[in-house]
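Below is one structure, written out as structure tokens, with a few remarks after it.
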Amino acid sequence: MSITPPVQAADTRPVLFDSHCHLDLPELLPELELHLANARALGVEGFLVPAVQSSAWSLLLELKQRYGFYIALGVHPWWACPTELNALAGLEALVALPQVCAIGEIGLDFALDEQSFAIQRQCFEAQLQLAAKLKKPVILHHRKSQNELLQVLKQQQFSQGGILHAFSGSFAQGKAFIDLGFKLGIGGTITYERAEKTRKAVKQFPLEALVLETDSPSMPLAGFQGQINTPAQLPLVLKVLAELRGQDPQHMAGVFWHTATKLLKP
Ligand SMILES: [Zn+2]
């Protein structure tokens, strides 16, 4: 008589990739080792850390060397200003390094003051051009700006793809980015029942067009409002997405890992 050994939880646990976590920010950096241990204990093994401003670029290169993170360098629209625009002159040499896998976090945020729109556009367009030149994908930030992002991507005939981080919106909105070669970053938004449009849309996209993210330390999941978000929450995002789509989380995690590491390979 042969007895099949019980499958241990550790063997079947999905291995997860957090495609957007700001581990270099002051909310997380002081206890980085603890956050990593907590995340890894739950199967989160891959981390993409995007920069938000030029002063972070050297720190991210150090963190990459020390912890093996995937990193993206760039200037986030919240930090767009003439000084940062000038700092972009130093970005090309860094992004050309094989250890930098993308330009990010870049984009447009039209929930900010209208006075910032012009400099946001300048920073975004310059970084997009650089990504095209260096053949690197981009990590996109959006808020009230999806149409304008699409417009600029099309104007520049940008073909390197990347990730539309923190996707929210309808199926048609997401599909417009997928059609331009982008993956959609799915995070805590889908854990809120009121996010009906987004929850409905994420059921319909091809699995291969999605990646998971926490956006730590921002975007706490439903039930965790007011707390600092960490990559250890990523399994909960997967759980909700698997329930919405009616798919096996283990299988989904494998596809997401493949998608993220293929897109972000140095
Ligand atoms: Zn971000």
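The values are calculated or read from the model by the stated rules, or taken from the named source; none is laboratory data. Just so you know, these numbers come straight off a predicted model, no measurement behind them. With ideal geometry, Cβ positions are generated from the backbone for all residues, glycine too; neighbour counts draw on all protein chains shown. What goes into the accessible areas is simple: the full protein's heavy atoms, side chains included, and nothing from ligands, DNA or RNA. Shrake-Rupley method; radii C 1.70, N 1.55, O 1.52, S 1.80 Å.
Figure legend: label point modelled 7 angstrom from the Cα of Gln122 along Cα→Cβ; residues of the stretch 73-95 with amide N under 20 Å from it are 74-92. Once all protein chains are placed together, Trp57 keeps about 20 Å² accessible to a 1.4 angstrom probe. Modelled spin-label separation between Arg66 and Ala96, with each label point placed 7 Å from Cα along the Cα-to-Cβ direction: 2.8 nm. Annotation for Lys262 and Glu208: the two label points, set 7 Å from Cα along the Cα-Cβ direction, are 0.6 nm apart. So if I take the centroid of the Cα atoms in the stretch 196-211 and the same for the stretch 68-138, what is the distance between those two points in Å? Distance between centres, Cα-based: 27 Å.
Cβ-Cβ distance of Arg194 and Leu32, R₀ of 51 Å, FRET efficiency by 1/(1 + (r/R0)^6): the value works out to about 0.95.
Counting only protein heavy atoms and a probe of 1.4 Å, the accessible surface of the chain is 53% carbon and sulfur.
Give the accessible surface of the chain per residue, rounded to a whole number of Å², with probe radius 1.4 Å and ligands, DNA and RNA excluded.
Details: 12320 Å² over 266 residues.
It amounts to 46 Å² per residue over the chain.
Each principal axis of the Cα cloud of the chain was evaluated for its coordinate range; sorted largest first, these ranges are 72, 40, 36 Å. The angle between the Cα long axis of helix 249-263 and the main principal axis of the chain comes to about 30°, on a 0 to 90 degree scale.
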